[in-house]
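The values are calculated or read from the model by the stated rules, or taken from the named source; none is laboratory data. What you see is a predicted model, and the numbers here were worked out from it, not measured in a lab. FYI the Cβ positions are ideal-geometry reconstructions off the backbone, even for glycines, and counts take in every protein chain you see. These area figures cover heavy atoms from the full protein model, side chains too; ligands, DNA and RNA do not enter into them. Shrake-Rupley method; radii C 1.70, N 1.55, O 1.52, S 1.80 Å.
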Amino acid sequence: MPKAIPDGLNSQHVLLALRDLDEGIEHSFGGATGYHLLHEGKSYAPKAAVGIAFRHLNGTVLNHNDFSGGEQKGQANFVLRELGFTVVPITSAFITSRGYSIPDDREEFQRAFWFNMWQKRMWAYNEVSEGDVLFWYDSPSQAIVWKSRITKLDKFEYSTKQQMRERIVQGFGEDPSTDPYFVDKSDAGYCIAFKTTPLQKLKLEKPEGFKFPQGGWLRASDPFAREWIFSSKFANDFTIIAKRLSDEHYFDPSNIEDERERILREIVQRRGQPRFRAGLIEAYDGRCSITGCDAVQALEAAHITPYLGEHSNHVSNGLLLRGDIHTLFDLDLIAVEPVTLKVKVADSLLETSYSELNNRQLHLPNDENARPSNAAIETRWRKFSPPS
């Protein structure tokens, strides 16, 4: 049973923990799930921040099993807010595009003001909110170049451009009429105006053949958007890490590209064929079908019955699983009981943390056609629990 966080923690301990996280300290905490801690334009997992903060109080990291990351008194989110930190629910993410170059300089990007004008009420008008994460697609370079957070937002209907202009000047201190985009737009409609703060500079090239929507907005939850962001993000991060290791004389820099290609190839093979994985991500709403983990970059396409060619790549012969669960599933140490569709864990894992998954109900897609095949589940179950 999770315990309340011990007394004695103060804001300075938490600030030191955030510095540790920025510097890449190794820890056993997972990423942020339902909430994140916001500080100076960066986001952190609240539970990790609290657990690591204790090393600056008593010299020992507080074990993740010894306290809760919840909202109640004595739990991580409550304690962090009491210490003056901002903890908010994890929000939505979107990709937006402009028909011109996005500022490359961080300070210039920070100062920039943005707006859209639509004759009809577009979906982005309804869904985008303050605090959401926004990726910026730069049309000239054909790549996502910034990750940012919306820090100020106004959405309104206008009946004349002058009315729209006056509201923007009053709310943002900017005159939209100087933008050529303003001149070409309808005299009445809907406006979304906002400012952002940059979180990370990126270079995520647009997948070949992909056409960005004409409306200029794309949900990051779209399966192809997820593949674009997370697969490209890994390649981008690996190059940075490889360069850093090269500088520290860990390996020959001439091998960086070969090494990156090898690792990316292994990850693609491990995750499953891209179309098969994208289909499972869409079917399971980007969550592991056993743990509920929503870190898409950690999720893999698992075949229920072995891969025997392209015909095996139907979503009904697949489960979307977190990487470690996929490994245990392939080793027949975790299985799904075909009648109840409950998760069963092998006896050898019952004394481990995986025991909490035993008898957990399998998450199913809303689309019945995408649900796992009963025949496939039964076939796999016989390997886990052979008839006596």
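Here are the numbers:
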read-out: Pairs with Cβ under 6 Å, 6+ apart, first in the stretch 105-120 and under 20 Å from D175 (Cβ atoms), second aliphatic (A, V, I, L, M); value: F115/A193; N116/I192
read-out: Residues (β-branched (V, I, T) and either modelled with pLDDT of 85 or more or open to solvent by 60 Å² or more (accessible area, probe 1.4 Å) (or both)) located in the stretch 52-105; value: I52, T60, V61, V79, T86, I90, I95, T96, I102
read-out: Which numbered condition G59 fails, given (1) closer than 15 Å to N10 by Cα; (2) in contact (Cβ under 8 Å) with a residue 12 or more places away in the chain; value: (2)
read-out: Every residue from the stretch 106-150 that is open to solvent by 30 Å² or more (accessible area, probe 1.4 Å), over 25 Å from R167 (Cα atoms) and either among the small types (G, A, S) or within 23 Å of the chain's Cα centre (by Cα) (or both); value: R106, S139, S141, Q142, K147
read-out: Odd one out for L37, checked against (1) open to solvent by less than 70 Å² (accessible area, probe 1.4 Å); (2) under 24 Å from E130 (Cα atoms); (3) modelled with pLDDT of 85 or more; (4) not charged (D, E, K, R); value: (3)
read-out: Selection from the stretch 58-91 of residues that are touching a Gly at 6+ places or on another chain (Cβ under 9 Å) and acidic (D, E); value: D66
read-out: Filter result for S43 (open to solvent by less than 40 Å² (accessible area, probe 1.4 Å), under 22 Å from V88 (Cα atoms) and at pLDDT below 90); value: no
read-out: Those residues of the stretch 44-90 which are closer than 30 Å to A225 by Cβ and touching a strand residue (DSSP E or B) at 6+ places or on another chain (Cβ under 7 Å), in sequence order; value: Y44, A45, P46, A49, N77, T86, V87, V88, P89, I90
read-out: Subset tally (residues that are closer than 15 Å to Q75 by Cα and in a strand (DSSP E or B)) for the stretch 7-56; value: 3
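Yes or no, residue by residue, for (1) exposed (fewer than 13 other Cβ atoms within 10 Å of the Cβ); (2) in contact with a strand residue (DSSP E or B) (Cβ under 8 Å, 6 or more places away or on another chain); (3) hydrophobic (A, V, I, L, M, F, W, C); (4) within 21 Å of E108 (Cα to Cα):
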site: F156; (1), (2), (3), (4): no, yes, yes, no
site: R167; (1), (2), (3), (4): no, yes, no, no
site: G173; (1), (2), (3), (4): yes, no, no, yes
site: T178; (1), (2), (3), (4): yes, no, no, yes
site: D184; (1), (2), (3), (4): yes, no, no, no
site: A193; (1), (2), (3), (4): no, yes, yes, yes
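For (1) polar (S, T, N, Q); (2) not in a loop (DSSP other than H, G, I, E, B), each residue gets a yes or a no:
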{"site": "S348", "(1), (2)": "yes, yes"}
{"site": "E356", "(1), (2)": "no, yes"}
{"site": "N359", "(1), (2)": "yes, no"}
{"site": "N366", "(1), (2)": "yes, no"}
{"site": "P372", "(1), (2)": "no, no"}
{"site": "A376", "(1), (2)": "no, yes"}
{"site": "T379", "(1), (2)": "yes, yes"}
{"site": "R382", "(1), (2)": "no, yes"}
